[in-house]
Amino acid sequence: MYNKIIDFLKSQSPDLMIRAPARINLINPLDAVEGDFWMPSAAIRGIDNPLSTFLYVKETEEQCKLKIFKINPDDEIVVGCEEELIKEKCFSNSNFETENKLVYASINRFQQTYRQFRKDFFESHIEIGILPTIPRQSGLGGSASIIISIIYGLAKHFDIYDNHTILDNSEFPLNKDIIAEMATKIEYEDLNITAGYADRYSISRGGLAFCSYVGKFHHEKISHEPLAVYDRIDQTYGVTELPIIICYSGITHDSGSVHRTLREIYLNRVPFILEAYSNMARISWKSRFAIMRKDWNGLGKYFKENTRIMNQVMKKAGFEHGIGLHNNFLIDLIDDHPDVYAVKLTGAGGGGSVFALVNPDKIERLLKEWKLRLKNAFHSKEKSKLTFPSYPNNLKEQLKNAQFYRVELDPEGVKEL
């Protein structure tokens with residue numbers, strides 16, 4: 001699929017092409033309150049489905065245009081949406097409720113942050129094409145990937161990226177840290193989506209990192225709070241792969257509403273929640289030592305503890321099924337296998353995705369086994385009642401669109417192709 005996408009993008013005669021990866025949080029979800037903590041995260045890309053956002057920019061003699069592409073069931077790349085990018089609407093919040101709000105909010109935040117971009121974009125005639133392959137609301141950082149690809153692509157096109165000569169006294173060089181900061185503020189402030197910095201730094205910077213967000217709890221203006229400390233532990237410890245398999249349940253979720261609920265409870269200093277997050281922070285720093293040793297079995301024990309705590313936290317927060325009925329079912333399907341060290345949530349829960357940490361030598365076999373177990377789970381009502389008595393029989397129908405992905409670390413983050 002990757003080669004097909006690249007060939008298609010080239011056929012559009014672009015001036016430049018960009019790719020932004022997906023991400024997983026290894027210990028989560030600290031997103032709502034991560035400004036008090038630290039956590040390991042990884043930028044990833046898919047081996048079959050690229051799990052990325054692809055973007056191109058090109059000059060045109062016509063008005064500015066936006067094209068959103070999609071891949072249809074026959075694996076054909078088609079236009080899903082096409083519209084004129086009206087400059088006045090890009091420089092206001094009037095389109096923040098539309099289908100393409102991520103695009104408009106990104107351009108609007110960019111022009112507010114960089115005087116040169118506002119001037120260049122206003123005078124330009126460009127076409128922006130976007131092809132996301134990360135499923136929407138899947139818990140894999142899809143919205144952050146789109147926003148970051150837009151900022152990075154436009155910065156490269158207009159020669160603003162890392163260009164010190166165009167800055168005024170209040171501006172900072174546009175690099176991957178600043179892009180991550182801008183992307184967070186686009187979601188958290190402009191689109192009113194409760195979100196932390198983890199997704200944005202991971203996708204922007206790439207690799208496997210242990211990242212400290214201490215001092216960033218209240219989301220201040222850029223330079224009024226510390227930047228995240230993004231420690232690339234994959235490079236330090238020689239970690240070139242994570243032996244994981246991802247399963248997207250096919251059940252979309254609203255991560256912002258989950259994070260908003262958890263953040264409000266945390267702000268109210270509820271003792272149980274404070275203790276739970278403190279315990280997850282402890283698991284986070286301990287997991288770094290397991291990663292250092294490439295002790296996947298040991299890392300799996302931390303993952304299981306993370307899942308146990310988060311099920312408790314989310315039930316206390318009012319979510320009946322903890323991290324989600326479908327997520328817990330997908331975990332129960334495969335976590336008894338001797339070559340599966342843990343299965344855990346990535347993202348906010350209530351749908352989205354889980355991933356299995358497995359024996360590196362058995363990834364292909366376990367991928368097939370997980371798929372087979374899902375297929376056979378509700379082969380008969382009698383068998384399903386015996387095997388999964390706590391789950392409703394209609395779960396199979398709800399999980400019919402579940403998708404499984406083999407993945408690898410993305411060492412570069414957002415990049416020009």
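Taken together, the values in this text are just the output of simple stated rules run on the coordinates, not laboratory data. Owing to the predicted nature of the structure, the values given are computational and were not obtained by experimental measurement. Positions of Cβ are generated from backbone atoms using ideal geometry, with glycine treated the same way; all protein chains shown enter the neighbour counts.
Observations
- For segment 247-409, the C-alpha radius of gyration sits at 1.08 times the compact-globule guess of 2.2 N^0.38 Å, with N the residue count.
- The loop-placed GluC sites (Glu not before Pro) in segment 253-356, going by DSSP, that have at most 10 neighbouring Cβ atoms within 10 Å of their Cβ come out as Glu320.
- Once backbone amide H atoms are built at 1.01 Å from N, Lys65 has Leu85, Ile126, Glu127, Ile128 as its partners under 5 Å, excluding neighbours fewer than 5 places away on the same chain.
- Separation of segment 277-337 from segment 215-251 is 17 Å, based on Cα centroids.
- Under Karplus coefficients 6.51, -1.76 and 1.60, residue-wise ³J(HN,Hα) of segment 202-207 in Hz, glycine/proline x: 4, 5, 5, 8, x, x
- Segment 239-319 - convex hull of the alpha-carbon atoms, volume per residue in Å³: 118 Å³
- Restriction of the trypsin sites (Lys or Arg not before Pro) in segment 251-356 to DSSP coil positions whose beta-carbon has at most 11 other beta-carbons within 10 angstrom yields Arg269.
- Table column - 3J(HN,Hα) (Hz), segment 267-274, Karplus curve with 6.51, -1.76, 1.60, x for Gly and Pro: 5, 7, 6, 5, x, 4, 5, 4
- For Thr53, distant residues with modelled amide H under 5 Å away: Ala20, Thr133
- On Cα atoms only, tilt of 325-334 relative to the major axis of the chain in degrees: 60 degrees
- Legend: calculated FRET efficiency, Lys89 to Phe289, from the Cβ-Cβ distance at R0 = 56 Å, rounded to 0.05, equals 0.65.
- Equivalent ellipsoid, the chain (semi-axes from 5 times Cα gyration tensor eigenvalues, Å): 35, 25, 20
- Distances between placed amide hydrogens fall under 5 Å for Tyr341 paired with Leu357, Val358, Asn359, all partners being 5 or more residues away or on another chain.
- Gyration tensor verdict on segment 2-237 (Cα atoms; rounded if a/c is under 1.5, prolate if a/b is larger than b/c, oblate otherwise): oblate
- Under the combined filter of DSSP loop state and at most 13 neighbouring Cβ atoms within 10 Å, segment 147-220 retains none of its trypsin sites (Lys or Arg not before Pro).
- Evaluating 6.51 cos²θ - 1.76 cosθ + 1.60 at θ = phi - 60° for every residue in segment 347-352, the Karplus couplings come out as x, 8, x, x, x, x Hz, glycine and proline recorded as x.
- Note on segment 1-91: Kirkwood radius taken over Cα pairs, Stokes-Einstein applied at 20 °C and 1.002 mPa s, translational D equal to 133 µm² s⁻¹.
- The distance from the alpha carbon centre of segment 86-108 to that of segment 157-184 is 20 Å, rounded to a whole number.
- Rounded to 5, percent antiparallel among DSSP beta bridges of the chain: 90 percent
- In terms of other Cβ atoms within 10 Å, His224, His253, His219 run from fewest to most in the order His224, His219, His253.
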